[in-house]
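Accompanying notes for the structure given below.
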Amino acid sequence: MPPLAELHLHLDGSVEPDTLLEIDPSLTPEEIAANTAYSDFAGFLKSFVWVNKRLRTPADYARVARRLFERLESEGVTYAEVILSAGVVLWKEQNLSAIYDALMREVSRSPITVRWIFDAIRQFGPETAKPVFDLAAERVGEGVVAIGLGGDEERGPARLFANLYREARDRGLRLTCHAGEMAGPASVWEALEIGSERIGHGIRAIEDPTLMAHLTAKNIPLEVCITSNLRTGAVASLAAHPVRRLYDAGVPIILNSDDPALFGCTLASEYALAGLEFGFTDAQLAELARNAFRYAFEESVAVGR
């Protein structure tokens, strides 16, 4: 495989059990396993929050980042846009600036080029999201390249955040949004209407030929996460996943691991899965790897490919 880039990767979802035990030695492997087991998307969100609550200090976040960067380097990843659930940090009433400074110190020690996407919690509404957008804008030029929305897309429609997205663009932030994961094509259309340049997941676009044609014509990529979609129940089975049909229809796609610790996958395993289960050839996998650089929000990376 050529060098890899990852554009849809949650820091908070990369916390391996061994790292949790380092952070909180009072935990047991059995307790961690019980609290990270789930059978649907709602259960996954609970597991995500449980893990996140174990991250209490800037040093905890720094440790998670250090382990993540080490793993990415071992996989041949040279560029990553890592999603920080800034909305959850503020919900926990933690000091986001201090945490971000600790994360950037880890970035400075890593050979990987890392940029950050701040994520707001969509079901909490735009007023709660505004501080996340403001803090992201303050760090433009200091590692933050974009803003996004995570959480429950059905309880937090993208249209509610239209003003925040417009202001974010004017302040120099690039725009992405989780959509079309658990909700249908209308959710993707809303994300596009507020200015999203990439769509996190977006697999439900397969249900709308007009939407697929629009994504293709406008060169708007979907950040596809195959194992994630299977584990959360976004697709009923691996065979039902539309990644191949989207690709064959000409929709730009990127492969990603999403929450690798919670889903038991890596970026490398996602490429292997695409080849083994969906018939992507080595040449097509290399094309997908190039796409991850092509659609990066860091202009120097995108232009250089």
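Only one of the numbered conditions (1) over 26 Å from K218 (Cβ atoms); (2) in contact with a Ser or Thr (Cβ under 8 Å, 6 or more places away or on another chain) is not met by L276, and that is (2). Across the range 221-235, the number of residues qualifying as closer than 23 Å to E81 by Cβ and out of contact with any Ser or Thr (no Cβ under 8 Å at 6 or more places or on another chain) comes to 7.
All of (1) over 27 Å from L103 (Cβ atoms); (2) crowded, with 19+ Cβ neighbours inside 10 Å; (3) not aliphatic (A, V, I, L, M) hold for G233 with one exception: (2).
Tallying residues that are more than 17 Å from the chain's Cα centre (by Cα), assigned to a helix (DSSP H, G or I) and either of a type in the set (D, E, K, R) or at positive phi (or both) within the range 47-85 yields 7. So, E193, is that one among the acidic types (D, E), more than 14 Å from H8 (Cβ to Cβ) and either surrounded by 22 or more Cβ atoms within 10 Å (Cβ to Cβ) or within 16 Å of the chain's Cα centre (by Cα) (or both) or not? No. Counting only residues that are of a type outside the set (A, V, I, L, M, F, W, C) and surrounded by fewer than 24 Cβ atoms within 10 Å (Cβ to Cβ), which one in the range 253-269 is farthest from P221 (Cα to Cα)? That would be G264.
Among the residues making up the range 67-85, those that are farther than 23 Å from N52 by Cβ and of a type in the set (S, T, Y) are S74, T78, Y79. Remark: pairs (first residue in the range 253-275, free of Cβ contacts under 8 Å to residues at least 12 places away in the same chain; second residue part of a helix (DSSP H, G or I); Cβ separation under 6 Å; 6+ apart in sequence or on different chains) = G275/L285. Taking the criterion of being under 16 Å from A213 (Cα atoms) and either touching an Asp or Glu at 6+ places or on another chain (Cβ under 9 Å) or not in a helix (DSSP H, G or I) (or both), the residues of the range 245-271 that qualify are A249, G250, V251, P252, I253.
Quick check on the range 120-151: of everything there that is part of a helix (DSSP H, G or I) and among the hydrophobic types (A, V, I, L, M, F, W, C), which residue is farthest from E81 (Cα to Cα)? Here the answer is F124. Within the range 86-101, the set of residues being in contact with a Pro (Cβ under 8 Å, 6 or more places away or on another chain) and either surrounded by fewer than 17 Cβ atoms within 10 Å (Cβ to Cβ) or hydroxyl-bearing (S, T, Y) (or both) comprises N95, A98, D101. Selection over the range 140-154 of residues that are at pLDDT below 95 and on the phi > 0 side of the Ramachandran plot gives a count of 2.
All conditions but one from (1) more than 21 Å from E81 (Cα to Cα); (2) part of a loop (DSSP other than H, G, I, E, B) apply to N163; the one that does not is (2).
The values are calculated or read from the model by the stated rules, or taken from the named source; none is laboratory data. All values derive from a computational prediction rather than experimental measurement. Every residue, glycine as well, gets a Cβ built from its backbone with ideal geometry; the counts of neighbours run over all protein chains shown.
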